[in-house]
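> For reference, the structure I am asking about is given below.
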Amino acid sequence: MGEAHKAVCQRVDFSNTPACPNSDNLSWAMYKFIEPIREVSLIGDKTSIFEAYKLMRWRRAFSWNSMLPGQGERAPDESADELLAALVRKWDRCDEKIGTSDWWLSELKDLQKQVDDVAKHGIHSWYPETIKAIREALKASKAAEAVKVKTEASA
């Protein structure tokens, strides 16, 4: 959306029309993808969990994107946060290659940037359970890497 278009939408309240949707409209539109993504994750192998995780990351990013601010906290984000956190925990247990501390740290930094961005627009609880799950995964992966290094050094 161009800057001129944003400026017009900010002056005239088109927030409930498709001509100028805000982030709340987009969040609700993206809500319908949560259940199908959950179904993908239930296939059960690590590939399906990884694909569901990537889809939820995409859904999280595009439920905000660069749209006009909405009305603050958004109900669909809570359901999305719950699923994404569950996927982090499930995935971290089944795929040690991807769950390295560098990878989780990168994920955490990306999410923290989004937290900072959306806070400017009145959303102060952006994926808190996912952040907690990633921090747990990061801590576990660092511990596992330390054990691996220790084991390799003694061999």
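> So if each residue of separation counts as 0.36 nm, and I subtract the Cα-Cα distance between D116 and E82, what length gain in nm does that give?
Once the chain is fully extended between D116 and E82, it gains 10.3 nm.
> Please order E39, E51 by the number of other Cβ within 10 Å, starting at the fewest.
So the ranking, lowest neighbour count to highest, is E39, E51.
> I've got another one for you. How far apart, in nm, are the 7 Å Cα→Cβ label points at S106 and D45?
Reported label-point gap for S106 and D45 is 2.4 nm.
> Please go through the residue pairs K32/K120; K54/K142; K54/K113; K32/K132 and name each one whose alpha carbons sit more than 19 Å apart in this structure.
Those over the limit are K32/K120; K54/K142; K32/K132.
Only the coordinates and a few stated rules stand behind these numbers; no lab work does. On a predicted model such as this, the values are computed, not experimentally measured, just so you know. Cβ sites come from the backbone with ideal geometry, for glycine too, and all protein chains shown count toward neighbours.
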